[in-house]
Structure formats: structure tokens, C-alpha cells
Amino acid sequence: MHASRPVTITALGIAQILGWGTSFYFPAVLAPPIVADTGWALAWVVSGTSIGLLVAGLIAPKVGAIIDRRGGRPVLAVSSLLQAAGLCCIGLAPNLPMFLLGWIVLGGGMGTGLYDAVFAALGKLYGRDARTAITNLTLFGGFASTVCWPLSAFLAENFGWRGACLVYAALHLIVSLPLQMAVMPPLSKVPSDLPGDATADASAIKGAPLRHEGLILLLIASILTIAGAIGSIVIVHMMIFLQERGASFALAVTLGTLFGPAQVGARVVERMFGASYHPVWTMIASCVLMLAGLIMLVGGTLLLWLTILIYGGGYGIMWIARGTLPLALFGPERYATLMGRLAFPSLIAQALAPSAGALLIERHGADATMAVLTGFAALNVALIAVLWALCRSSARV
């Protein structure tokens, strides 16, 4: 008998806040004091996140396959250990190569413990009923920057950036690791007849393989990869884009703070109404909202706050679609393995995209870069239309 779903999601959600806050959101607050203390180039310090995402993408297929075979418990345990080890290496690094080595280790923790891996673990645990659990988990993840940015600032001010890394490493060991182990049962204790499992949901599977399966997987992977790349560029270069549209730096920072609440707000709406429609509509809404937000940004609308809310909402629910659509289409049996394969190109794109965006801005300007991003967002809307048509023809929507 394992923990109730609310307890499970709360425990995993706390681990997600710490996981995202000490990896993806790490440089926003801690990069400046690291540069000031060490003299290392800012570009190299910030590149740690890209290195971590690249490692996470490279190991994602293997991680998914392991979760399919052994469940989520051992993978999440390894994640907490790797994140703690990586942060210790970063915090104790005497030089830049050791600092970057720490990010390689931390990237292993990201690949085994952030959304894609935990989505796969929840799919293994709850079968087709994992949709609500995945949505609820992203609500926790949406608060990672809200919690960890001020906490990082406090720790850096009082203990230095190295002390902050070591405190975070300890939190992974004394908070995340015990919580995840307490609520994630061994695979041998996961019931094989979960309500919502494929064996009990023949009406959803319709007793036949999904038509156009290869093409549908390719389309989902392409959509997630494009959305991930756009999202990384916009997040990293948001201040530049907003200032290009006439906002002062102070206003740009204020507007940027709307991005997190926009993601969480859209996820709350999805949580309230998502059970009444197929997850493909979540992905459709995400692609359309991201395109609408970028069109408004390119058009230079005066309502920059609305632009952020629309784009941020679309980006926020993309993470829900990322976890729920493959589960709805392909069922829980191969879900973890498929999640690993889908995460592979997306995470690598997220790792490389900020540098590509910086190069575009440097050579062609912020306006041209925003136009390129809008073009890719329009391509995603076209791809999701094709995906919807294929799903309909397969009688899965």
C-alpha cells in the first residue's frame, strides 16, 4: 500500500521545486556573485544550464527505458544523489573546468529527476489516470523560481554562492530524497490492474495499435522540440525583447515577473477543465497561445503585460501536454520509454537554443530574432493541425 495521490504529488512537487530551482533557474540569481567572486566569464558560468540540459537530453531515452523496466523509485533516488553531488562539485570548484564538470553531474540529476522522468514515473504508477497527477505536479513546478530565486539571494548574501550550493545539496539529501522514497513504491508493489491501466481501458485503446504511430510520434517530438527551443530563447532573452519594444529595464523586469504566474494560472485552468477534453486540445491551445503572444510581441503592441500573459500561459500548458498527450494516445505500457525518446530532441534543443538566439540577436537584431521565433511558432500550429487530423483518423480524439 503506497501513499495517497495528494501526498504523493505534494512530496514529488516539493522535490520538483527544489530540482528546477537549483538547476534551470540557478544562474538567474547566483551567476552574478559567481562571476564577481571568481572572475570567470559570465557566458561560461551561464552555460552550465545548457550543459545540464544537454546531458539530460542525451540520457533521456535510457532513463525512460529504465523506468519502464524498474519503475520510478530507483531513478528518482539516483536523481537526488546526482543533484546533491553536482551542486557539491559546483560549490567546491577551484576552477572553471571543475565548475563545468559539476554541471555535467547535475545534468544527470536533471535527466533523472525533472518533469520528463517524473511524468514517466507517474504514468507507471497510475496508468491512464496519471493525467490529473501530471497536471497537479506542474502546478508545483511553476513555483520553482518564486521559491528559489529569493532563497538563493538570501543564501548567497549570508553564506556566499558556494555556501548556497552546499545548502541546496544538503536539501536534496535531507528533503527531496526521503520524500521521493517515501511516496514512490518499488515496481513490485505497484498494482498491475490500476483503474485506467490499458488492461482495464480497452474502450480507449479500441483493441488495436494506433494508426500512423510513427508519424504521430515524429509530429509530437517535432512540436515539443520547436516549443522547447522557442521557450528557452524567450526566457533567456526576454529582457532584450521587451526593451526592444520600448520598455525600460525596470519595466521589463516587472513584466518578466508575470511569466511565472501566467504559467501557473493557465495550468490551474487546465486542472479545472482538462478532464472534459482530450489532451490534444491542450497542445493545440498551447501552440496557438504561444504564436499569438509572439505575434503581439513582433507587432509592438502597447499591452506588453497581456503579451506576457498569453505567451506564458501557452508555454505553461505545453509542459502538461508534453506529459499527458503521449499517455492518452499510446497508453501506459510503453509510456516511460516513449517519454524518454520524446525528451531527447527537446532537451537538446533547449540546451542549444539560447546560444543560437544570442547569435541571431547579435548578427540580425532583436526584431529579426522575434520574427524568426514567430515563424517557428506558426510552423508548430501547422504541425499540431496535422497531428489533430491524424489522431481523428485513428479515432483517438
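The values are calculated or read from the model by the stated rules, or taken from the named source; none is laboratory data. This one's a predicted model, so the numbers in the text were calculated from it and none came from an experiment. Every residue, glycine among them, receives a Cβ derived from its backbone with ideal geometry; neighbour counts consider all protein chains shown. Accessible surface areas use protein heavy atoms only, side chains included; no ligands, DNA or RNA. Shrake-Rupley method; radii C 1.70, N 1.55, O 1.52, S 1.80 Å.
Take every Cα pair under 8 Å whose residues are at least 6 apart in sequence, average their separation, divide by the length of the range 243-397, and the relative contact order is 29 percent. With the convex hull of the Cα atoms taken as the outline of the chain, the averaged projected area works out to 18.0 nm².
Largest accessible area first, the listed residues K124, K62 line up as K62, K124 when surface is computed with a 1.4 Å probe on the assembled protein chains. A simple count of charges around M318, restricted to other residues whose Cβ falls under 12 Å of its Cβ and scoring Lys, Arg +1 and Asp, Glu -1, yields +1. Remark: accessible surface ordering of H212, H278, H364, H172 (largest first) is H364, H212, H278, H172, probe radius 1.4 Å. Each Cα pair under 8 Å and six or more residues apart adds its separation to the average, and for the chain the resulting relative contact order is 26 percent.
Counting only protein chain heavy atoms and rolling a 1.4 Å probe, the accessible areas of Y311, Y25 rank, largest first, as Y25, Y311.
Rolling a 1.4 Å probe across all protein chains gives F143 an accessible area of roughly 90 Å².
Taking 7 Å steps out from each Cα toward its Cβ at A43 and N95 produces label points 2.1 nm apart. The trypsin sites (Lys or Arg not before Pro) of the range 313-353 include none that meets both conditions, a loop assignment by DSSP and at most 12 other Cβ atoms within 10 Å of the site Cβ. Distance between the pseudo-spin-label points of A170 and H364 (7 Å out from Cα toward the beta carbon): 4.9 nm.
Between the beta carbons of L251 and S276, assuming R0 = 35 Å, the FRET efficiency works out to 0.35 to the nearest 0.05. Of P326, P345, P261, the residue with the greatest mean-square motion in the GNM of the chain, using alpha carbon springs below 10 Å, is P261. T374 exposes around 20 Å² of accessible area when a 1.4 Å probe is run over every protein chain in place. Shown for the chain are the DSSP H helices of 20 Å or more along their axis, judged by Cα atoms, with a mean Kyte-Doolittle hydropathy of at least 1.0: 42-70, 73-92, 96-113, 213-244, 279-299, 304-330, 335-393. Using the Cβ-Cβ distance between I104 and M181 with R0 set to 25 Å, the FRET efficiency from 1/(1 + (r/R0)^6) comes to roughly 0.50.
The convex hull of the Cα atoms of the range 309-397, projected and averaged over all directions, covers 6.9 nm².
Helical content of the chain, expressed as a calculated mean residue ellipticity at 222 nm, amounts to -28000 deg cm²/dmol (DSSP H runs of 4 or more residues, -39,500 (n - 2.57) each, divided by residue number, nearest 500). Taking amide H positions as modeled 1.01 Å from N, with prolines and chain starts lacking one, no residue 5 or more places away or on another chain lies under 5 Å from G331.
Ligands, DNA and RNA aside, D367 has an accessible area near 80 Å² when probed at 1.4 Å. With each label modelled as a point 7 angstrom along the Cα→C-beta vector, the L379-E157 pair spans 4.4 nm.
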